[in-house]
1. Out of curiosity, is Leu70 at negative phi, touching a Lys or Arg at 6+ places or on another chain (Cβ under 8 Å) and not polar (S, T, N, Q)?
2. Quick one: is Ser27 at positive phi and among the polar types (S, T, N, Q)?
3. Could you check, for region 48-55, whether at least one of its residues is within 23 Å of Lys77 (Cα to Cα), more than 15 Å from the chain's Cα centre (by Cα) and without any contact (Cβ under 8 Å) to a residue 60 or more places away in the chain?
4. Counting just the residues of region 75-102 that are within 14 Å of Asp58 (Cα to Cα) and open to solvent by 30 Å² or more (accessible area, probe 1.4 Å), which one comes out modelled with the highest pLDDT?
5. Here's a check for you: in region 48-74, which residue that is aliphatic (A, V, I, L, M), outside any strand (DSSP E or B) and under 12 Å from Ile89 (Cβ atoms) is most open to solvent (accessible area, probe 1.4 Å)?
6. Answer yes or no as to whether Phe20 is out of contact with any Lys or Arg (no Cβ under 8 Å at 6 or more places or on another chain), at pLDDT below 90 and assigned to a strand (DSSP E or B).
7. Out of the residues in region 1-47 that are open to solvent by 40 Å² or more (accessible area, probe 1.4 Å) and acidic (Asp, Glu), state the one that is nearest to Asp98 (Cα to Cα).
Amino acid sequence: MNARQVLECIYRIGGYNDIFIPEFSISGYRLDALSLNMHKKLIRGYEIKTSRAEFKSDKKYMNYLRFCHLLYFVCPKGLIEKSEIPGGIGLIYVTESDYFIW
């Protein structure tokens, strides 16, 4: 899967109740996507990873925690193991037809 396909999966996760913002930039940082649920007053940040190298080289994601209530890595199923993710950050596996939140 490429980043665009993963982004489309993220949009489906929030459904139609969320305000969805791809490539959200703030204070010199850029999240791959951000969703706002006004009913729950919840901000979710999403970092898309489509390769192991991209995941391993990302050192900036901890800075995103101050801008959202929940932060997730989103990747094709099996690309990242939950044990590789620091506490407080979620993992979402996507396939072309479904998604799995850990």
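1. Values: at negative phi: yes; touching a Lys or Arg at 6+ places or on another chain (Cβ under 8 Å): yes; not polar (S, T, N, Q): yes.
For Leu70, the condition - at negative phi, touching a Lys or Arg at 6+ places or on another chain (Cβ under 8 Å) and not polar (S, T, N, Q) - is met.
2. Details: at positive phi: yes; among the polar types (S, T, N, Q): yes.
Here the answer is yes, as Ser27 does meet what is asked.
3. First, the residues of region 48-55 that are within 23 Å of Lys77 (Cα to Cα): 48-55.
Imposing the further condition that a residue be more than 15 Å from the chain's Cα centre (by Cα) reduces the set to 52-53.
From the residues that got through so far, the ones that are without any contact (Cβ under 8 Å) to a residue 60 or more places away in the chain too are 52-53.
Within region 48-55, one or more residues are within 23 Å of Lys77 (Cα to Cα), more than 15 Å from the chain's Cα centre (by Cα) and without any contact (Cβ under 8 Å) to a residue 60 or more places away in the chain.
4. Checking each candidate, the answer is Glu84.
5. Met62
6. Working: out of contact with any Lys or Arg (no Cβ under 8 Å at 6 or more places or on another chain): yes; at pLDDT below 90: yes; assigned to a strand (DSSP E or B): yes.
Judged against the criteria, Phe20 is a match.
7. Glu8
The values are calculated or read from the model by the stated rules, or taken from the named source; none is laboratory data. This one's a predicted model, so the numbers in the text were calculated from it and none came from an experiment. Note that each Cβ is placed from the backbone with ideal geometry, even for glycine, and that neighbours are counted across all protein chains shown. All accessible areas refer to the heavy atoms of the entire protein, side chains included, with ligands and DNA or RNA removed. Shrake-Rupley method; radii C 1.70, N 1.55, O 1.52, S 1.80 Å.
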